[in-house]
Every structure is written in structure tokens, then in C-alpha cells.
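J.: The structure that follows is given in the form of C-alpha cells.
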Amino acid sequence: MNTVLILALVVAALTAASFVFARRKARAQIASIGKGAGLGFHSQPGYHGWFSGIISGLGAFLVMIAGLLTGLGLPITLMAMLVVAVIGSFLASGRIQKDFRARTYVEYFIKTLLVVCSLIAVFTTIGIVLSLLFESLRFFEEVPFLDFITGTQWSPQTAMREDQVGQSGAFGAVPVFTGTFLIMAIAIAVSAPIGLMIAIYLSEYAGHRTRKIVKPVIEILAGVPTVVYGFFALLTVGPAIRALAETMGYSVPTQSAITAGLVMGIMIIPFVSSLSDDVINAVPQTMRDGSYALGATKSETMTKVVFAGALPGIIGALLLAVSRAIGETMIVVLAAGRAANLTGNPFEAVTTVTVQIVALLTGDQEFDSAKTLAAFALGLMLFIITLVLNFIALIIVRRYRARYD
Amino acid sequence: MPTSDSIHASEFALKRLKKRHAKERRFKAFGLLAIGIAVMALFWLLSTVLGNGLNAFIQHDMTMDVELTESVLDPSGVRDPDELRKSNYRRIIQNSLYERFPDVTDRKAKRQLFDVISSSGAPNLIRQMVYNNPDLVGQTLTIRVPTSDDVDQLLKGNISRDVSEDRRKISDQQITWVDALVETGEIKSRFNTGFFTNTDSRDAELAGIGGSFIGSLMTLLVTACLAIPIGIGAAIWLDEFAPKNRFVDFIEININNLAAVPSIIFGVLGLAIFINFIGMPRSAPIVGGLVLGLRALPTVIIATRATLMAVPQSIRDGALSIGASHIQAVFHHKVPQAGPGILTGSIIAMAQALGETAPLLMIGMVNFNTEIPNGITDSATVLPVQIFMWAGNAERAWVEKTSAGIIVLLLVLLLINGFAIWLRNRLEKRW
Amino acid sequence: MSQSKIKFSCRDVRVSYSGKEALHGIDIEIEDQGVTAFIGPSGCGKSSFLRVFNRMNDTIPGCTVSGIVKMDGEDIYSPHLDPVLLRARVGMVFQKPNPFPKSIYDNVAYGPRIHGLAANKTELDEIVESSLTKAGLWAEVKDRLKDSGTGLSGGQQQRLVIARAIAVSPEVILMDEPASALDPIATAKLEELIDELSKKFCIVIVTHSMAQAARISDRTAFFHMGNLIEYDQTSNIFTNPKDSRTQDYITGRIG
């Protein structure tokens, strides 16, 4: 690692040296022609400097990569970099003259760099898809896809044993998905009404003062890391629910769907309220005025006019919240449990897609077992589900925005 | 409205109006209730964390005199540091304790006595001292060692003295010793600096966030170096230079989608590409930083674009009209105007990355590290993952540590976000 | 034209926004019959004054109204008065047509529904039909009542909004530059409609077009810089203004 750092610094130094050299040369050339000659030059000396610097730096950088890849020694690589940089600098500064369009080339280089930056986001997506897809395909060679999505028995740990590898019973993902959706449903049931009402209250009822107090509270809720919510669920909410259930004569485990769902709901409240706030504020004031002028109360205006107008946007916001809840990891890892129960009862421990990915991929394991590959298959499912949700939500929200713009 | 003959003033209408206003009040009450629930939830969460964690910043230490007997530590008398490392420091500590309580003879009682202090912390402390300075052998030192977590909890009042002996982790005999030591001032409570400087440990009284905090800093450094320049570059291109075509639309949709991809997926990406395919080291801040960098990238891009779009086009056009090239107009005029907003957005994205846990579990940052990482390729963990690892322990002392770790994390996040808000208010331009 | 009953009487009405006074003590009496027009250069406070009559100013944060405004002799700014009820009696049409993002039917039915004016579906249908008819829109939309109200043309939207206001059976209809967003043909239709409506409702209209005021109103009030300069029969205002500022405005020297 240190070698890379040294080489990178050398590249930077060579670039700077080449820049200074060429800029000085360009200045000297302009000065030799006479006063005001700079105006006749297409490019200012600084751009000639940059042109030279980029040529040298790029050359040295390529040599550095080649050196690192081929395992050339540090001294030889350094020498080669130096030589390439010096040659580059001489070639570049040799072209310094009135009509040479150094600025155009430099700007072209900058634009290319900016394009590369934008493409990295695309490469990330491609990377995600490829890494999930390849391992998942390997998994589906061992476990048929249909068994995976229709099987009701999930016990990948036992499938580790020789005789069970690939047995369809062990990799039935139905309990994992029902658990995920159960918790998501609870989280949305908590966060949707609360988040929506907060947004409505803050935008339509609250005075300046209330808003000044409540907004930071919501922002803090949004800024709390998920692991903290997980700890809170495990340490406080779980036992509280358990104790509450005991007083009513029920027995509920500390880790349960309801615990994870409730806390996840609290976590998503700020998400729902800020998205709804945007959506509600996008409904033009003239709609509200029209309703008030007919003698409607605020709540009638909100529920019958503003809400009706904002509905597509709110649905989009809720879809994003659903996607968020399905992909949330830390709360469920700490508070939902790991037992793959196929149940709709929120007072039982359930497991989720993310919990299983964590369980299967943390710790040391060989990467060819069906067990680890199963995590990638689950990851692929998670990615597809959230992608579809986000995509639909974005389209709905975009259409909605266009309506009032 | 008695004077009017309007249908709106009929008895029926007025009765209905009453009901409508009642409904209005109910609706408003629901709004207040929703706010109340959110505020209460935050209050509940914070009080849980503060209530459990504040005590961890105080720890009980015991001051003791230890004689570094040559016959025990260095029978050969060579003072070879490597040999001295392996010596029996446990014995030294035990001897000191038995001397302090000479009437303890029973084997079981002796073991209980030793358990009053941190049983691995104390020997390690002298081992390090002797290793650094072998000349200490033969001298008598006064050292401060942490008490065991059970004694610490007893003195903090978290272990009740009233329950029967077999139901608590500390015996009546031990309580007597501890009370005696407190009486003489040998055991005292002090600010727990070890919590900030120590690495992870199997013993709660020795565990600290020093290692994971450094790990977080290193990871964040990599994240910032990746996400901020690339994110800003991408945003500038999309805002100013991108042509209007299908491919650019695709890039935009892709960025928006990427922002909503569950973070754990980025961890899977890191595992598959960076570790398994490229062969980078597991558990290292470099991989963690890259993963979080890719995760933060869409956030930075979206925040930067929002600020760039808020800069009036007239500023750029003004520059173009005096003969600046497009690049010059953008970099000399538009980007500097958007600077504060970009800075704020980047800082907030970094704060988010600092709290991120799930993707780091995938790349092996859940590991037991007793060394502070020296570089970004060393095995390390980060603060949120450290919290996650501690959160699994139900014992009182660990709950305290976990909560204290959370307090530190939340404070750091509060500081970073507060700084970003302060910066925005100070520098932000309104158009 | 015979003198009719006084609908609104105002004494020293002042409107301010966040402490900045926009209207400096207006005294005026608005008659029940016919059309009253408010004219004046933009920013003169005529729209602010219009919103005094249905207390729409209440919905603007920081806006305060002082003075006495009486409707049929009753103080509409008294704390005992319910603005919701007031607004049911005083309808309003805005500058830009603002149909709700609902069907044409639901737009008109909205008011009767919230006020409980129809006991059943048949009654509601009747109200919707008669309101749309009175607004001169029934023939154009009767076959597509389920279509969205936002899909209509600007002129149709404005008539839909008027139908929506009529459906609540108001006594007064306030109009805030209702034709400013319309083309000349739609404007002509709207003016015809206003003329028709003025037989049944007290109409107060704000307009920036002097010609429009001259065409449709019976009385005209001229506002300038937050003051009521002159208030008289429309014919007098346009042929024989008493104040020099009114003269300047109608001849195009200020505004």
C-alpha cells in the first residue's frame, strides 16, 4: 500500500513540475514577442502548463499502473515514470505557440474526467447486478429456483452437512419473505399515519414556534444510526412488549416481529413525514384557497382536496418507505430473531431476508457452499424487489411533480 | 347567524356545523398525537441510552503496590525483553493482593480475591511496563488497575447487595473486601479514560472504543476521498455538460435508484468484488471505505445537483457573455457559488456513512480487534460495528459499554451535522 | 337605478401584512343589488380588500385586519362569528381558475357535500345540474361529468369554479380579476355570465381592466396606494370623476 502512495505522490510531483516548466516557457515566449502579445494567443500560459502537466502526469500514471501490474521493482518503475514524464513535458511544451489550442485540449480532458465520474455510478450498479447474478446462478444450479421461491422450509445451517446439500427442503425462502413482509407491514402501519399526520400538522396547523421545536426532533430521529435503533429494540422495546403481554396473560418472546416492526416504524417516521411534506407543499395554495372560500374547514380541505391531489405523491413516498423497510438490516438483525417461522403472527420471532444475508455471510466460510451462495440469491431478490419499488415510486413522483409544475 | 335567512343559518346547518368543528378538532388532535408519539419515541430512545450509558464514563480503579520480584519474573537475570514478556505477572498481582489481605488462605477465597480486580487487565498492565523498561524488575511500583466489571457494577449500585448471595455475581466475602478497600481509599471512582483509548476486549472493564474510533476515521477518510470528488464531478457533468439523450436519462434514473438500494447490498458488492474478485484484505478500512464511498456517492451527487440547480443561470450566462469558455464559466462562477451547499451536502453524506453498519458486516468488519489499526489495510472495525458486537451481550457491564459507545457516536454525529447546519446558515446564499 | 339594501358596510378597515399596512382605513358601503367593481393600479390593495369580505385574509400568516366590517348589519370580524359559515355565504372566484384535481361532478358537489346541502344522491345531482346550468357550462360538460375538472379549457375552468361557488347557495360572490387568465372570447362569455348572475347574487369584482368595469358594473370604487379615492355610480366615475387621481387613472396617466 505504501508503494502505491509513494508512486501516486511521484505522479503528482511530475505533473506539477511539468506544469510549472511549460507555463514558464509559454510566459517567456509571450514576453519575447512584446507587450500585449498575450491577447493574440489562443490559450493563456496556465493552460499550456496544464496541457503539459496532464500529458506528463497521464504518462507517468499509466507507467505506474503497468509497473504495479507486471510486478516491476520500485526503482525501475520510478525511472520509467520519470523518463515518460520528461518526454511528455518536452513534447507538450514544444507545441507552445500562438495558435496552439491548449485550453481546448485541457477542457476536453476535464470533461472526460467528469464523464468518468458519472459513469462510476453506472459501474456500481453493474457491479451489484453482476456480483449478485453470478453467485445466484451458481446457487440455482444446486437448488432449483422454484424450490427456492415456493419452499416453506428454511434451514440453511443444517444444509451445511454433506448429505443435505442441495436438498430442496432446506432452502425454501417463503418463511424468510413472509417474515420480511410482516415486519415491513407493521413498520408501515406505524410510520404511514404518524409520518403523514406530522407532515400535515406541520405544514397546515403548526405555528412558527412549534415547527422550530418539532423539526429538529424529526431530524434527530432521522439521523440516529440504525444500529442504535436495533439496540433500543433489543434492550428496551422488546422487554417492554414482553412485560406488557405478560400482564395481559400472553407470552411473547423478546425478539419478535412486533418489536422489530414497531422500532422500524419509528425509524421510518421522519422519512415518510419529509417526503409527504414535499408532496403536500407541492399542491398549490390556490387549491386550498378554493376550498376555504367554499367554507371548508382545514381538515376538510386537507382530507378532501389536498390529500386527493397529493395522493399519487403520497403513494410514491410510501412505496419508497416500503422499500426502505424491506432493506433495513440492523434493527431486524438485533430484534427480530433468526428462527425461520412461517407465521403471520406478529408476536412470534420471524426472520427476514437481510437477517439471513447477515447470518450466512458473516464469519468465516468457504464460498462454494450452497449456504453462502444462498445469501447472494436472497440479495438478488432483495435488490430486484427494492429496484422495482423504487422505480415505480420515482415514476409516480415524477409524474406527480410534472402535474403541478 | 340569526339575522340571516340563508340556508346556512338553518338549525340543521348549525347543528351540522358543530359536528364539523368537532371533527376538525379531532383531526388536529391526531396531528398533535402523531407529533407527541415521535417526540416521546425520541425521548424514550435517548433516555434509554443516556440512562444506561452515562455511568460507563466513570470507572472504579484500585491503587495497589506491587513488588516486581526478580525470582518470579526473571529467574535468569538476563532482562531479555522477549523473555520478560512471557513471565508470570499474574503471580505478582496475586502476591500483592494476598499481602494486602494476609488472612485469606483458602484457595477458593484466594481466587475470589483475585477476581476483585480486572484479572487480565492488571497483569497486562505490568507486563507492558516491564517490557518497556526491564530495569523495573526488582522494584516496587504503585499502580492503578481497573476493578473487575462486577465490582464496578456493585459500586455503581447496579448489583443489589440485598439479594441472596447465590443470585448475584459477587460473593458476600468479595463485598466485604471491596467495602474495606473503598473505606481506605484504595478503590476510587475515576473518569474512564480507558474507554476512549482501549481497544475491544473480552473483559468489559477493559473494553474501549479507541480502536474502533480510529477504524471509523480511517474508513471515513477513504469514503470521503472516493465519494466527494467523484460525486461533485458527476453532478457538475449532469447539470452542465450532459447532452439530453436516453443514456443520460438512464444515468440519472440509475443514480436515483442507487440512492434507494438497501445498504446491505453494497456490502455484498464489496464482498464479491473487492474481496473475492480483486483480493483486497478482509476487515480493512480500505474496503469499508470503498463500500461506504459507493453508498454515499448518489447522496453526494443528488445534494450537489440540488445546489447547482439553485444557482441562477444568469451567473453562468454572464461569464459566457464576456468570452469565458463553458468550463471556465462553470468552474470559475457557478461551482464557487454552489460551494457552501456542496460542502454541507458532502458533510451530511459523511455523517450518514459514519453511522452505517450493515454493509460493513458483509466485509468482515465484525471481528475482534485488540490492536489499534496502523493503516487502511490493517484489520479493523468501526464504531457502529463495535456497538453492534457489544449489543449482543446481555450483562449489565456490557449494556453500559454499548450505551456509552452509542452516546459517543450520537455526539459525534450531532457535532458533524451541527457543523454542517452552522456552515449552511453562515455561507448559504439565497437567490 | 334605485337604491337597494346595504350588504356590507365598512368603517376604517385597515389590512396589514406582518405589520406593514396595505390598506389605510377604508370606509365603504356595498349594495346588495348589482355589481360593484374595484379598480386601481396593481398593488393598490383592491384584492386585499376583497379578501376582507370572506375573511380569506385569515389564511395568510401575518395578515391582520382591523376596523369594522358588517354584513347585513352583523360584524363579521366578531370573535363569535364562524369564518367557515361566513365563507359558505360569501363565495369567491380567484384570478387563476383553480378547479380541484377531481371530476367535474365532484368539483361542483364538493361544497354541497361538506355543508350537507343534499339529503341524497338525487338532490345532489339536481344541485350539480342547476349550478352548472346557471354557470352556463351544463351543455358543454353534461356528457363528461366524470372527467377531470383540470382537463377543461381556461374559460370553462373559470365557469366550473363559479358553478362550484353557486352550488353552496351563497348570497355574495367575490371575484378577484376572474378574467385575467382568459382569452377575449372566454372573457366575453364570462362577462355575460356575470351580468346574468348579478340578478340573483350580490357581486363584488376586482378588475384591472377599466373597460370591463365600465361594461359590467353598476358601481365602481377606485383604489390608489391603499386608499379608497372615489366610489360612485360607474357612469359617474368614467364620465365625471371628482378626484384628479381617478381622472389620471382612467385616462391612462397612472397605473
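J.: Looking at the range B:381-408 only, could you name the residues that are assigned to a loop (DSSP other than H, G, I, E, B) and either among the polar types (S, T, N, Q) or at pLDDT below 90 (or both)?
T.: Once the filter is applied, which keeps residues that are assigned to a loop (DSSP other than H, G, I, E, B) and either among the polar types (S, T, N, Q) or at pLDDT below 90 (or both), the range B:381-408 yields B:Thr381, B:Gly392, B:Asn393, B:Ala394, B:Glu395.
J.: Looking at the range B:256-265, is at least one residue more than 24 Å from A:Gln356 (Cα to Cα), of a type outside the set (Asp, Glu), within 9 Å of another protein chain (Cβ to nearest Cβ) and in a helix (DSSP H, G or I)?
T.: So far as the range B:256-265 goes, yes, one or more of its residues are more than 24 Å from A:Gln356 (Cα to Cα), of a type outside the set (Asp, Glu), within 9 Å of another protein chain (Cβ to nearest Cβ) and in a helix (DSSP H, G or I).
J.: Another question about this same structure. Out of everything in the range C:5-15 that is surrounded by 18 or more Cβ atoms within 10 Å (Cβ to Cβ) and not β-branched (Val, Ile, Thr), what residue ends up being farthest from the chain's Cα centre (by Cα)?
T.: Restricting to residues being surrounded by 18 or more Cβ atoms within 10 Å (Cβ to Cβ) and not β-branched (Val, Ile, Thr), the top hit is C:Cys10.
J.: Condition first: assigned to a loop (DSSP other than H, G, I, E, B) and either within 12 Å of chain A (Cβ to nearest Cβ) or open to solvent by less than 80 Å² (accessible area, probe 1.4 Å) (or both). Now tell me which residues in the range B:1-43 satisfy that.
T.: B:Met1, B:Ser4, B:Ser6, B:Ser10
J.: Hey, among the residues in the range C:83-105 that are among the basic types (Lys, Arg) and not in a helix (DSSP H, G or I), which one's surrounded by the fewest Cβ atoms within 10 Å (Cβ to Cβ)?
T.: Of everything passing the filter in the range C:83-105, C:Lys96 is surrounded by the fewest Cβ atoms within 10 Å (Cβ to Cβ).
J.: Quick check: anything in the range B:160-171 of a type outside the set (Phe, Trp, Tyr), surrounded by 14 or more Cβ atoms within 10 Å (Cβ to Cβ) and touching a residue at least 60 places away in the same chain (Cβ under 8 Å)?
T.: Among the residues of the range B:160-171, not one is of a type outside the set (Phe, Trp, Tyr), surrounded by 14 or more Cβ atoms within 10 Å (Cβ to Cβ) and touching a residue at least 60 places away in the same chain (Cβ under 8 Å), which makes the answer no.
J.: In the range B:79-104, what residues are open to solvent by 100 Å² or more (accessible area, probe 1.4 Å), within 40 Å of the chain's Cα centre (by Cα) and modelled with pLDDT of 85 or more?
T.: B:Arg90, B:Arg91
J.: Out of A:Ser273, A:Ser203, report the one residue that is of a type in the set (Ser, Thr, Tyr) and facing chain B (nearest Cβ under 9 Å).
T.: Within the list A:Ser273, A:Ser203, the selection yields A:Ser273.
J.: Still on this structure, please answer the following. What is the number of the single condition among (1) within 30 Å of the chain's Cα centre (by Cα); (2) under 24 Å from B:Leu154 (Cβ atoms); (3) open to solvent by 10 Å² or more (accessible area, probe 1.4 Å); (4) of a type in the set (A, V, I, L, M, F, W, C) that B:Ile175 does not meet?
T.: Answer for B:Ile175: the failing condition is (1).
J.: Just to be sure I understand, how many residues within the range B:107-139 are open to solvent by less than 30 Å² (accessible area, probe 1.4 Å) and not in a helix (DSSP H, G or I)?
T.: Looking only at that region, the number is 4.
J.: Go through (1) open to solvent by less than 10 Å² (accessible area, probe 1.4 Å); (2) at negative phi one by one and return the number of the condition A:Gly337 breaks.
T.: Status for A:Gly337: all satisfied but (2).
J.: Out of all the residues in the range A:117-130, which are without any contact (Cβ under 8 Å) to a residue 40 or more places away in the chain, β-branched (Val, Ile, Thr) and within 8 Å of another protein chain (Cβ to nearest Cβ)?
T.: Result: A:Ile120, A:Val122, A:Thr124, A:Thr125.
J.: Name the single residue that is surrounded by the fewest Cβ atoms within 10 Å (Cβ to Cβ) among those in the range A:365-400 being of a type in the set (S, T, N, Q) and at pLDDT 90 or above.
T.: A:Thr386
J.: For the range B:355-378, give me each residue that is in a helix (DSSP H, G or I) and either open to solvent by 10 Å² or more (accessible area, probe 1.4 Å) or within 7 Å of chain A (Cβ to nearest Cβ) (or both).
T.: Result: B:Gly355, B:Ala358, B:Leu361, B:Met362.
J.: Also, quick follow-up: Please indicate, with yes or no, whether at least one residue in the range C:43-55 is on the phi > 0 side of the Ramachandran plot, touching a helix residue (DSSP H, G or I) at 6+ places or on another chain (Cβ under 8 Å) and either at pLDDT 90 or above or open to solvent by 40 Å² or more (accessible area, probe 1.4 Å) (or both).
T.: Yes, the range C:43-55 contains at least one residue that is on the phi > 0 side of the Ramachandran plot, touching a helix residue (DSSP H, G or I) at 6+ places or on another chain (Cβ under 8 Å) and either at pLDDT 90 or above or open to solvent by 40 Å² or more (accessible area, probe 1.4 Å) (or both).
Let's see how each residue does on (1) open to solvent by 50 Å² or more (accessible area, probe 1.4 Å); (2) assigned by TED's automatic domain parsing to the domain that holds A:Met267; (3) within 22 Å of A:Met381 (Cα to Cα):
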| position | (1), (2), (3) |
| --- | --- |
| A:Val305 | no, yes, no |
| A:Gly309 | no, yes, no |
| A:Gly313 | no, yes, no |
| A:Val333 | no, yes, yes |
| A:Asn345 | yes, yes, no |
| A:Glu348 | yes, yes, no |
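J.: Taking only the range B:387-417 into account, find how many residues are within 26 Å of B:Ile348 (Cβ to Cβ), free of Cβ contacts under 8 Å to residues at least 40 places away in the same chain and within 11 Å of chain A (Cβ to nearest Cβ).
T.: 4
J.: Something else about it: Let me spell it out: the conditions are (1) in contact with a Ser or Thr (Cβ under 7 Å, 6 or more places away or on another chain); (2) open to solvent by less than 30 Å² (accessible area, probe 1.4 Å); (3) without any contact (Cβ under 8 Å) to a residue 12 or more places away in the chain, and B:Val49 meets all of them except one. Which number is the exception?
T.: (3)
J.: Return the total of residues in the range C:212-234 being open to solvent by 40 Å² or more (accessible area, probe 1.4 Å) and among the hydroxyl-bearing types (Ser, Thr, Tyr).
T.: The number of residues fulfilling the criteria is 1.
J.: Cβ-Cβ under 9 Å, sequence separation 6+ or interchain: first residue in the range B:129-153 and free of Cβ contacts under 8 Å to residues at least 24 places away in the same chain, partner outside any helix (DSSP H, G or I). Which pairs?
T.: Filtered contacts from the range B:129-153: B:Met129/B:Leu68; B:Met129/B:Leu141; B:Met129/B:Ile143.
J.: Turning to a different aspect of this structure: In the range C:106-129, which residues are open to solvent by 50 Å² or more (accessible area, probe 1.4 Å), modelled with pLDDT of 90 or more and closer than 20 Å to B:His8 by Cβ?
T.: C:Arg113, C:Asn120, C:Glu123, C:Glu126
J.: Another question, if that's okay. Scan the range C:134-147 and give yes if some residue there is aliphatic (A, V, I, L, M), closer than 13 Å to A:Ala293 by Cα and open to solvent by less than 40 Å² (accessible area, probe 1.4 Å), otherwise no.
T.: no
J.: Can you find even one residue in the range B:243-253 that is part of a helix (DSSP H, G or I), acidic (Asp, Glu) and free of Cβ contacts under 8 Å to residues at least 24 places away in the same chain?
T.: Yes; the residues of the range B:243-253 include at least one that is part of a helix (DSSP H, G or I), acidic (Asp, Glu) and free of Cβ contacts under 8 Å to residues at least 24 places away in the same chain.
J.: Return the residues of the range C:158-185 that are over 13 Å from the mean Cα position of the chain (by Cα), open to solvent by 30 Å² or more (accessible area, probe 1.4 Å) and not hydroxyl-bearing (Ser, Thr, Tyr); say none if nothing qualifies.
T.: Once the filter is applied, which keeps residues that are over 13 Å from the mean Cα position of the chain (by Cα), open to solvent by 30 Å² or more (accessible area, probe 1.4 Å) and not hydroxyl-bearing (Ser, Thr, Tyr), the range C:158-185 yields C:Ala181, C:Asp183, C:Pro184, C:Ile185.
J.: Mind checking which residues of the range C:51-82 are over 22 Å from C:Ala37 (Cα atoms), outside any loop (DSSP other than H, G, I, E, B) and of a type in the set (A, V, I, L, M, F, W, C)?
T.: C:Cys63
J.: Among the candidates A:Leu68, A:Leu72, single out the residue that is open to solvent by 60 Å² or more (accessible area, probe 1.4 Å), among the aliphatic types (A, V, I, L, M), at pLDDT below 85 and not in a helix (DSSP H, G or I).
T.: Going through A:Leu68, A:Leu72 in turn, the sole match is A:Leu72.
The values are calculated or read from the model by the stated rules, or taken from the named source; none is laboratory data. Since the structure is predicted, the reported quantities are computational estimates derived from the model, not experimental observations. Here Cβ is always computed from backbone atoms with ideal geometry, including for glycine, and neighbour counts include all displayed protein chains. Heads up: the accessible areas ignore ligands, DNA and RNA and are worked out on the full protein's heavy atoms, side chains in. Shrake-Rupley method; radii C 1.70, N 1.55, O 1.52, S 1.80 Å.
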